[in-house]
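Working notes, structure below.
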Amino acid sequence: MMVTAADEKFPSNEDLRHYRSMRTPRLSPDGHRVIVAVGDSAADGGKQHVWLVDIDSNSYRQITFSPSDAKNPRDRGETSAAWMPDGQSVLFLAHRGEHTQLYRLPLAGGEASAFDLKVVPPVDSSKLPEALPPAPEKNKGESKPPEPLPIDVSGFTVAPDGKTIALWAADPQTPGEKSAQEAKGDAVWVNHSPHGTRLYLLDPNTGKLATAGVAPDVNHAEFTDDSAELVVECESPNDESDLGPASSAWFLTLSDPQHPRKLALPLDARGLTWSRDGQHLYFFSKTKSDAPPGVSDVYEFTIG
């Protein structure tokens with residue numbers, strides 16, 4: 001069929017609601033396959049799913065699927081897909097149930113399985129002196145140790161050797177905080193929350209999860225090529241950035257993750273990435289030239 005100029009038109013908002021999207025292609029370690037996020041159209045819910053493309057055969061197939069009955073507004077499909085360094089499995093985030101979990105999908109066959117990630121809550125606002133409603137008198141003297149609770153994973157990055165996964169997650173809601181919320185004692189002191197998004201180190205072979213000593217709120221991390229060191233980007237909690245740049249960068253070694261070192265970088269440094277030799281960091285920051293707001297340059301920082 002011949003298409004004339006009269007048939008051509010800009011897509012309307014309604015047209016755009018029926019287009020699917022494609023983003024974040026990730027090349028496999030051997031360079032022969034690609035995983036890519038394909039989003040459903042807005043009219044169909046807009047959830048993302050992971051597709052696998054075989055470059056040699058020019059074929060492709062969908063490899064992750066959301067439960068058909070899922071109506072949870074936090075369920076955005078399967079996101080943040082990444083290869084394991086051996087190329088035998090794919091990691092992704094999905095909200096299937098009550099929490100956003102990290103899943104591993106073996107490409108040789110089988111179902112995706114979630115890592116069982118739990119931590120002892122670092123904060124319990126229901127036990128603070130000013131907590132509402134106040135704890136019953138009979139419970140005030142109790143000191144029952146807190147139990148580990150599931151976390152909602154916000155993001156992750158995989159070490160090149162595949163032995164460690166750095167992930168960041170918000171503090172879990174404790175039973176006391178949940179009870180207070182259900183009792184309508186949920187007034188919020190704006191920008192004074194004791195909670196934060198913290199860094200954890202996961203051994204994917206054993207499932208062991210360890211806390212790293214980096215200040216919240218963590219929003220990005222990247223390993224050196226030898227997998228021995230890590231740089232972590234943080235944003236000061238409680239919307240401190242509303243008053244001006246408030247980011248920070250931390251350097252830590254996997255041999256001593258409890259004692260990170262704060263790097264002397266600009267407060268607006270972002271997008272940190274390593275040089276191949278692990279001796280330098282490259283990042284974006286405000287240009288020193290006379291330029292409009294939001295214009296950035298690339299800078300180099302030497303690890304001392």
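None of the figures in this text is laboratory data; all of them are computed from the coordinates on show. What you are looking at is a predicted structure, and each value in this text was computed from that prediction instead of being measured. So basically every Cβ, Gly included, is an ideal-geometry build from the backbone, and we count neighbours across all protein chains shown.
Any residue at all in the range 265-272 that is without any contact (Cβ under 8 Å) to a residue 40 or more places away in the chain and closer than 27 Å to Lys118 by Cβ? No - not one qualifying residue is present in the range 265-272.
Listed here are the residues, each with its yes/no results for (1) without any contact (Cβ under 8 Å) to a residue 12 or more places away in the chain; (2) within 15 Å of the chain's Cα centre (by Cα); (3) farther than 19 Å from Phe92 by Cβ.
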{"site": "Lys163", "(1), (2), (3)": "no, no, yes"}
{"site": "Trp168", "(1), (2), (3)": "no, yes, no"}
{"site": "Gly176", "(1), (2), (3)": "no, no, yes"}
{"site": "His192", "(1), (2), (3)": "no, no, yes"}
{"site": "His195", "(1), (2), (3)": "no, no, yes"}
{"site": "Pro204", "(1), (2), (3)": "no, no, no"}
{"site": "Lys208", "(1), (2), (3)": "yes, no, yes"}
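So which of Arg23, Arg33, Arg96 is touching a Pro at 6+ places or on another chain (Cβ under 8 Å), more than 22 Å from Ala166 (Cβ to Cβ) and of a type outside the set (A, V, I, L, M)? Step through it out loud before you land on a result.
Working: Arg23 fails: touching a Pro at 6+ places or on another chain (Cβ under 8 Å); Arg33 fails: touching a Pro at 6+ places or on another chain (Cβ under 8 Å).
Arg96 is the lone residue from the list that is touching a Pro at 6+ places or on another chain (Cβ under 8 Å), more than 22 Å from Ala166 (Cβ to Cβ) and of a type outside the set (A, V, I, L, M).
Got a sec? Which of Glu235, Glu229, Glu240 is charged (D, E, K, R) and in contact with a helix residue (DSSP H, G or I) (Cβ under 7 Å, 6 or more places away or on another chain)?
Residue meeting the stated conditions: Glu235.
Reported count of residues in the range 235-250, each being within 19 Å of Ser296 (Cα to Cα) and either outside any helix (DSSP H, G or I) or in contact with a Cys (Cβ under 9 Å, 6 or more places away or on another chain) (or both), is 7. Of the residues Asp86, Asp30, Asp15, Asp75, the single one that is surrounded by 14 or more Cβ atoms within 10 Å (Cβ to Cβ) and either acidic (Asp, Glu) or part of a loop (DSSP other than H, G, I, E, B) (or both) is Asp75.
Identify all residues within the range 268-293 that are more than 21 Å from Phe223 (Cα to Cα) and assigned to a loop (DSSP other than H, G, I, E, B); write none if there are none.
First, the residues of the range 268-293 that are more than 21 Å from Phe223 (Cα to Cα): 286-293.
Listed by number, the residues that qualify are Thr287, Lys288, Ser289, Asp290, Ala291, Pro292, Pro293.
Is it fair to say Ala269 is surrounded by fewer than 11 Cβ atoms within 10 Å (Cβ to Cβ) and not hydroxyl-bearing (Ser, Thr, Tyr)? No.
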